[in-house]
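Inspection log for the structure reproduced underneath, given as C-alpha cells.
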Amino acid sequence: MLLRSTIQDETIKVSIIGFPAVGKTTMTKMLAQKETTKKYVPTAGFDLKTVKFGPYKLKIWDFGGQKNYLKKYLEDFVVGSDLIFIVTDSTPKNVLNSRQLIDYAKEIMEEECPIIAIANKQDLCKKDGRMNHNRVADLLHTKTIGLTAIDSDERIRLMKTIENELEQVLERRNRKE
C-alpha cells in the first residue's frame with residue numbers, strides 16, 4: 001500500500017546525516033537508482049536527489065559529514081524533514097560519535113519526525129570488526145537498520161522502511177488535525 005497524500009505538495013523531505021565516509025552518498029545513489037562505486041569522494045555541503053515514490057517525490061538531502069559543516073549548517077537545512085537517517089559505518093568509534101548526531105537531531109526536530117539509524121557496511125562485520133546492526137541499535141538506543149549500501153538489492157528494503165515510517169508520520173498528523 002502506498003501512502004495516502006496529506007502532504008500539501010506531495011514532496012517528502014528525507015535527510016541523510018552522518019560523519020565522513022560512512023556511506024551517505026552511496027545510500028542516496030542507491031535510493032535514486034544511480035550507479036555507485038567504492039571510490040570515496042567527500043560531499044561538500046549537501047547533495048540533493050529526487051526519487052519518485054508512488055504519488056510522492058522524495059527529496060533526499062545528503063549532508064556532508066565534516067564536523068565544521070554539521071555544526072554550522074545542519075540545523076538550518078534539516079528543519080522540515082519528514083524522516084531523518086543517521087548513517088554510521090558500524091565501527092565502534094563511529095557508532096559512539098553518531099549518538100551525538102541522534103541527540104542533536106532530536107533537539108532540533110519535532111516529535112513527529114522519525115530518526116532512524118542506518119548501520120551501514122554490514123558486509124564488513126566479519127572482516128574488520130564492525131558491529132552488527134543489533135549491537136549498533138543497543139548502543140544508539142534508537143531504531144536501527146543494518147544495510148550494505150553498495151548492494152543495490154537493499155533498495156527495496158530501504159524503500160519499504162521509508163514507506164512504513166512515513167505512514168506513521170501521516171497518521172500522527174491526521175490525529176493532530
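The values are calculated or read from the model by the stated rules, or taken from the named source; none is laboratory data. The shown structure was predicted, so the numbers you read here are calculated from the model rather than taken from an experiment. In this analysis, Cβ positions are derived from the backbone assuming ideal geometry, glycine residues included, and neighbour counts consider all displayed protein chains.
Tell me yes or no: at least one residue of the stretch 114-121 is basic (Lys, Arg) and surrounded by fewer than 21 Cβ atoms within 10 Å (Cβ to Cβ).
No, the conditions are met nowhere in the stretch 114-121.
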Practice task
Go through (1) at pLDDT 90 or above; (2) surrounded by fewer than 19 Cβ atoms within 10 Å (Cβ to Cβ); (3) within 22 Å of Cys113 (Cβ to Cβ); (4) aliphatic (A, V, I, L, M) one by one and return the number of the condition Leu96 breaks.
Solution key: (3)
Practice task
Please name all residue pairs, on different chains or six or more residues apart, with Cβ atoms under 8 Å, provided the first residue is in the stretch 112-132 and is under 22 Å from Arg172 (Cβ atoms) and the second residue is among the acidic types (Asp, Glu).
Solution key: Cys113/Asp82; Pro114/Glu165; Ile116/Glu165
Handout entry: Glu107, sole failed condition from (1) surrounded by fewer than 18 Cβ atoms within 10 Å (Cβ to Cβ); (2) closer than 24 Å to Lys67 by Cα; (3) under 13 Å from the mean Cα position of the chain (by Cα)
Key = (3)
Exercise for the section: Would you check if Val87 is crowded, with 18+ Cβ neighbours inside 10 Å and either over 19 Å from Leu31 (Cβ atoms) or at pLDDT below 90 (or both)? Expected result: no
Completion exercise
Across (1) modelled with pLDDT under 70; (2) on the phi < 0 side of the Ramachandran plot, Thr36 clears everything bar (1)
Exercise for the section: State whether one or more residues within the stretch 41-53 are farther than 14 Å from Val14 by Cβ, out of contact with any Asp or Glu (no Cβ under 7 Å at 6 or more places or on another chain) and either in contact (Cβ under 8 Å) with a residue 40 or more places away in the chain or in a helix (DSSP H, G or I) (or both). Expected result: no
Problem - First in the stretch 23-34 and in a loop (DSSP other than H, G, I, E, B), second anywhere and surrounded by fewer than 21 Cβ atoms within 10 Å (Cβ to Cβ) and at pLDDT below 90, Cβ under 6 Å, 6 or more apart - result: Ala32/Lys49; Ala32/Val51
Problem - Residue tally, condition under 22 Å from Ile84 (Cβ atoms), among the acidic types (Asp, Glu) and at pLDDT below 95, over the stretch 122-154 - result: 1
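Tell me the helices (runs of 4 or more DSSP H) entirely within the stretch 64-161 that contain at least 2 residues that are of a type in the set (A, V, I, L, M).
Answer list for the stretch 64-161: 67-78, 92-108, 133-140.
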